[in-house]
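A short write-up of the structure that comes next.
Any read-out appearing in this document is the output of simple, stated calculations on the displayed coordinates, not a laboratory observation. Not measured: the values here are computed from a predicted model. Neighbour counts are summed over all protein chains in view; Cβ atoms, including those assigned to glycine, are modelled from backbone coordinates with ideal geometry.
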Amino acid sequence: MKATLACGQFAPAAGRLSHNIDRISSFAHEASARGAAILVLPELCLCGYPPADKAREWAVRTDGPEMARLADAARVNAVALCAGFAELAADGALYNSAAYFDRRGALRAVYRKVHLWVTEKEWARPGGSFTTWTDGGLRMGAWICYDSRFPEAARSLARAGTRLALVGSAWFGPPEEWELAVRARAMDNGIFVAGASVLGTFGSTPFRGASLISDPHGRVIAQAEPGVEQLITAPYDDEAVESCRARIPLLAHLRPETYG
């Protein structure tokens, strides 16, 4: 399978969900026009990165009207999209989540962030597992931002058959650390990683963007400029995964029984 991947970075307006959905729809239109099959958008891009006292107000249900509009954006533009949002679960719990809609607008997966950053622990409950799904014959999965610093996140997805990881981020640290984390997780597992990182600020802390797409060898094949609203694209190819894993069969050589 071959496909074009896209990552969009922008600065969401704090708490203005309708405005941010319009921006996401615009990115979906541009991604489609550039031939992309999958569009990845940043962590919490639906609402902006919330302070603890705003998270519940900005959170949405997966069956709510805001998510229906995201589904429409995917369907109208015939592009699958993965976008971050504050999720209000049926039991009232809040999660830092990412939703994946296929090109027909069907909600195929919701991933709840497992490794919460300190500011998120003030309002969110951690997810309990990593999620994989298949769309168009391609096995993929997701993680969010701080998860990137935990090799086990990407490894668990790869062991479940993932060939492409979709990553939304609101990276507080230096952009070079974000790039290193994405590239390392790709190379560790022989997978493509498409990482979309948000712009804007949280208090006095800047989010710099620097979205990127890495191939299975850990090579950057597309990268956005820090601080610039931008859409980047790069090719995905199953053969690149196969050739990488044939040369360095990391997953076949794992010895998990020794890692305790």
For this session: For the stretch 1-148, would you read off the P(r) tail past 17 Å as a percentage of all alpha carbon pairs?
Result: 57
Exercise. Where does each of Phe207, Phe172, Phe27 land when they are ranked from fewest to most other beta-carbon atoms within 10 angstrom?
Worked result: Phe172, Phe207, Phe27
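Mind sorting Met1, Met67, Met140 by how few other Cβ atoms lie within 10 Å of their own Cβ, fewest first?
Least crowded to most crowded, the residues run Met1, Met67, Met140.
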Exercise. Fewest first, what order do Trp58, Trp133 take by the number of other Cβ atoms within 10 Å?
Worked result: Trp133, Trp58
For this session: May I ask for the angle, rounded to the nearest 10°, between helix 238-247 and the longest principal axis of the chain, with both axes built from Cα atoms and the value confined to 0 to 90°?
Result: 50
For this session: Starting from 0 in steps of 5 Å, tell me what percent of the Cα-Cα pairs of the stretch 2-247 lands in each bin.
Result: 1, 7, 16, 21, 22, 18, 10, 4, 1, 0, 0
For this session: Would you mind pulling out the separation of the Cα centroids of the stretch 176-197 and the stretch 1-60, in Å?
Result: 20
Problem set entry | Neighbourhood net charge (13 Å Cβ-Cβ; Lys/Arg +1, Asp/Glu -1) for Ala210 | -3
Exercise. What angle do you read, to the nearest 10 degrees and between 0 and 90, between the alpha-carbon axis of helix 175-189 and the longest principal axis of the chain?
Worked result: 50
Exercise. In degrees, nearest 10, range 0 to 90: what is the angle between the Cα axis of helix 17-33 and the longest Cα principal axis of the chain?
Worked result: 40
